[in-house]
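Values quoted throughout were computed directly from the atomic coordinates according to the rules given, and no laboratory measurement underlies them. These numbers were taken from a predicted model, which means no experiment stands behind them. Cβ placement follows ideal geometry from the backbone for every residue including glycine, while neighbour counts extend to all protein chains displayed.
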Amino acid sequence: MIDTSDSVSDKSGWRLDWPTSGGGRVASAVLKSTPEDFFVDEDLPLPDDRAAGGEHLFIRLEKRGDNTEYVARQLATLSGCRHFDVGFCGMKDRHAVTRQWFSIYRPGQEAEDAAFLGAVADTWLVLEHHRQTRKLRRGDHRGNYFRLVLREVSGDPAAVDQALARLRDMGCPNYFGLQRFGHSGANLDRALTMDPSKLNRRGAQSAKKRGRGRSTSGSSDSKNVLYFSAARSWLFNEVLACRIRNGTWLEPMEGEPGASENQDPMVTGPLWGDGGTDAVSAQGALEREVVAEHPALAAVFATTRMKPERRPLRMIPKALEWHWQGTGQLQLTFWLAPGQYATSLLGDVFEITDTIKASGDNSANSVVQ
């Protein structure tokens, strides 16, 4: 059994590997040998009447080798609109084949849509298009479908099958993916040096609505939001790791927010904010104790006006299936809700080698939202 869950990055000092739900990983595998090995299809609910029209042209594209922000900027250039007039639901990986919806603000330009779509089709495959009355915003989608191929799988196939069956039935830890923390935890290092007083609640919420990368390039506000988010995410992972080690991550503790109004409360962890956590009693004490071990990072939140939030501790993939494709090759298909990481799901069972990272290409935007 492979397990490096208690390791700490030698370069950064930040823990970047956390405990698995089964006590260790049962196999190793290679991910992203080709873009086709990582296929993502965005699940966006659409109105029944798509012929009603509106000022925003919705287009569903298939892209390969391009991240979401790059495509959005190119669509703005082709349409002649401002970059923030292009909307999308979430970030998709560059080193993958992804299908995703974009909205482009084109009021009164219906007659020119065909020419615009033709220009888009010169670069990307246009799968669908129609007009709607509102812009796409972050989180509008229901989730994402994944089809992943793991190569050079090394381990006992029976143990892999058993671990995946457990993951399918019980779920796995809902860790934030390593992508959020930057190379060797660089975003966490920067969080320690940012001025938290410049990050108020209104500013962060405004940046959220614009979407990361949709504000002015190089904007200090958007960078501060990125670093702040990384700090929040890392502290969440630390609390979840503690709950896994003490065996409480699947059951609510005394003090779980919302437990008094809900007979079947969701088990959650903290997204730290001003005042820390809204958990109380035993759960609140545990969360504060974990965060107190990292005073420099906790200080980032001391002067912000960000409200504490919650995130489920458990990720449960829907429709998880897997098929062996000969010796050492495995295909997995599943659906995840927004904000959940396919790499975190895989990392609960496999020691993953990402060929893009191994090649030294750090430009990949590997988070899928």
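Quick notes on this one:
- 3J(HN,Hα) couplings calculated from phi for the stretch 266-282 with the Karplus curve 6.51 cos²θ - 1.76 cosθ + 1.60 (θ = phi - 60°) are, in sequence order, 6, 7, 10, x, x, 9, 4, x, 5, x, x, 10, 9, 6, 10, 6, 5 Hz; Gly and Pro show x.
- Hz values of 3J(HN,Hα) by residue in the stretch 33-48 - Karplus curve (6.51, -1.76, 1.60), Gly and Pro given as x: 4, 9, x, 5, 6, 10, 10, 10, 10, 5, 9, 10, x, 10, x, 5
- Prolate/oblate/rounded label for the stretch 132-191 (Cα gyration tensor, a/c 1.5): oblate
- Long-range HN-HN contacts of residue 174 with modeled amide H, under 5 Å: 314, 315
- Across the stretch 56-63, computed HN-Hα scalar couplings (Karplus, 6.51 cos²θ - 1.76 cosθ + 1.60, θ = phi - 60°) run 10, 8, 9, 10, 9, 10, 10, 10 Hz from first to last residue, x flagging Gly and Pro.
- Packing-based order for 76-85, 57-66, using average beta carbon neighbours within 10 Å, highest first: 57-66, 76-85
- Unit charges on C-beta of K, R, D, E only; dipole of the stretch 20-176, Debye: 420
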